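See below for the structure under consideration.
Any read-out appearing in this document is the output of simple, stated calculations on the displayed coordinates, not a laboratory observation. Given the structure is predicted, the values throughout are model-derived calculations rather than measurements. Positions of Cβ are backbone-derived with ideal geometry, glycine not excepted, and every protein chain shown enters the neighbour counts.
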């Protein structure tokens, strides 16, 4: 089932949570809504679920307008950030809830409910915990119960609000891989909200980056990293080095770095910022390549990479990541002055 | 030279012990004061009720209890509770739901208004109904035309009882509902549960012990209410006297033993309520 939202707007008091947001989620896709807190991503998810009414705009499931339909009738699976499990019910009853509240005619027989619930508990690998209460479970187990409960109603779409936010790093890693596998197994259209870029990039087919109630970029994980649409996306996704300067007549001058910038040909000078990822910078000892002189402050081994931290003349910190081979070829030492040259520089001019 | 004053070696265990427990004298003193207070103000009056009630033996005791006026008073008291408590249960749940789950204009005003009966003297509460529905009252003539009697009749007693006891359930339910938040209700809705199903299956089970506790307190107040009921009752013996009023009538007629016998019924009702309350509290934990 596909989801489409058109021109959604929502205010909370005088604070705009969503400003004219349009988005399509294709059937079977796993999509991440990524953004800092307060960017409107959770509001968007809640509007899709019907838990929040938009001030303007519409929500469509497979082309049908569902804007006026209540959360009760939308048949979406929703996993809450803090799981919202029913405290007074066992794990089994939590998962069975969605089946038990169906109108009498659509309600499965008790034996069928048992079979379905046990099947789901097996799917989330918790079949041995059916008679426990939520308070007796660990965070990761609660998370999986919440997921099984959401799947029990055979939802047309699955919405997850910060699904791994409250878990520790190791459990988060495991659950992430597990959710990826689960999604390829059941293939339900899924949207999850996260502020963790690594999570979004690793898990999702497509990443939608939000900021201040607007969509900044809607693209594949590779495209988000390689071709960020705005300076916000550039700084929000991944580590980045920032070089401030000016552009004029097809040239950009950022400190002592000078590069061609054919995107701006006007002779009028304009402020610009250049961004380069740590792995897109090169170091060399000769000045021939008009690099930026900087002093090595720290060298650290990080797995297959070597992270070099430098300080330029104006005391800005520059992070560089070198492969082992590159590092061996140069062997920079602490206190030494070397020249930094970007292999790739993305320049955004200010408006 | 050694310093003149040498600090005693620090014993952590001793220091911790000292911090946590007061000297035995203070401890027993405090317990003693509390016990003496309880004996003086609770145990002695309570025993006195039963001793006075049985002063002339069991014969007169049961005669006083089974007296038609006393039985009528008991019936009226129970009837009042049977109407007032469910009414306040519904009101308390609605108010609690509205205050805890929604943000709306006048929310804090409603919260304050719920406490009104606690702040107002019960006699004033009764008087309000007399001024409203009495013969010279605001809607009195209108009621008189239609032959509806509220003041000096059972409806007035019920109204006054509802008024003085309505904060109890709402007060118990609101904090629990507020602490619970709305996430579970939202989860239920997304899973396809309607409003009633959400209330019965999710909201109510989470607050049931608070509700029960509120119902118990409310019942106790209704059974024992004197001031407000006294103002609206008119003291028509066997018709508009509740148990507390009946006790007063007997006492004013110098029938002390009978007064205490009827009072002992109220005392027993209070004790039963307390036992249920204790059980409810223990189960809730």
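Details
- Remark: mean inter-chain Cβ contacts per residue of A:83-90 equal 5, using a 10 Å Cβ-Cβ cutoff to other protein chain atoms.
- Angle between chain B longest axis and helix B:68-101 axis [Cα atoms, degrees, rounded to 10]: 60
- Taken as Cα centroids, region B:180-240 and region A:336-351 sit 68 Å apart, rounded to the nearest whole angstrom.
- Remark: the residue A:260-residue A:174 segment gains 26.4 nm on full extension, using 0.36 nm per residue and subtracting the alpha carbon distance.
- Normalising the average separation of contacting C-alpha pairs (under 8 angstrom, six or more residues apart) by the number of residues puts the relative contact order of chain A at 16 percent.
- Remark: spin-label model distance residue A:118-residue B:44 equals 6.8 nm, labels positioned 7 Å along the Cα→Cβ axis.
- In degrees, nearest ten, helix B:167-180 long axis to first principal axis of chain B (Cα): 40
- Calculated FRET efficiency for the pair residue B:102/residue A:301, C-beta based, R₀ 51 Å, to 0.05: 0.35
- Taking the centroid of alpha carbons for each part, region B:49-83 and region B:121-135 are 28 Å apart.
- Across peptide B:194-207, the mean count of Cβ atoms from other chains lying within 10 Å of each residue's own Cβ comes to 3.
- Cα-based helix-to-principal-axis angle, A:91-100 vs chain A, degrees rounded to 10: 70
- Anisotropy class of region A:122-198 from Cα gyration tensor, a/c 1.5 cut: oblate
- Ranked by the mean number of other Cβ atoms within 10 Å of their residues, highest first, the peptides B:24-30, A:135-141 fall in the order A:135-141, B:24-30.
- Working from label points 7 Å from Cα in the Cα-to-Cβ sense, the residue A:287 to residue A:12 distance is 5.4 nm.
- Between residue A:135 and residue A:268, residue separation times 0.36 nm minus the direct Cα-Cα distance comes to 41.4 nm.
- Region B:55-160: proportion of alpha-carbon pairs further apart than 16 angstrom, %: 73
- Region B:241-274 and region A:108-151 have Cα centres lying 56 Å from one another.
- Ordering of B:61-71, A:181-191, B:32-42 by packing [mean C-beta count within 10 Å, highest first]: A:181-191, B:61-71, B:32-42
- Residue list for region A:12-36, given a label point 7 angstrom along the Cα-to-Cβ vector of residue A:184 and an amide N cut-off under 18 Å: A:28-32
- Where labels lie 7 Å past Cα in the beta-carbon direction, separation of residue B:255 and residue B:147 in nm: 3.3
- Gain upon complete extension [residue A:53, residue A:251; 0.36 nm per residue less C-alpha separation]: 66.4 nm
- Theoretical ellipticity at 222 nm over the protein assembly as shown - DSSP helices of four or more residues, -39500 (n - 2.57) apiece, nearest 500: -14500 deg cm²/dmol
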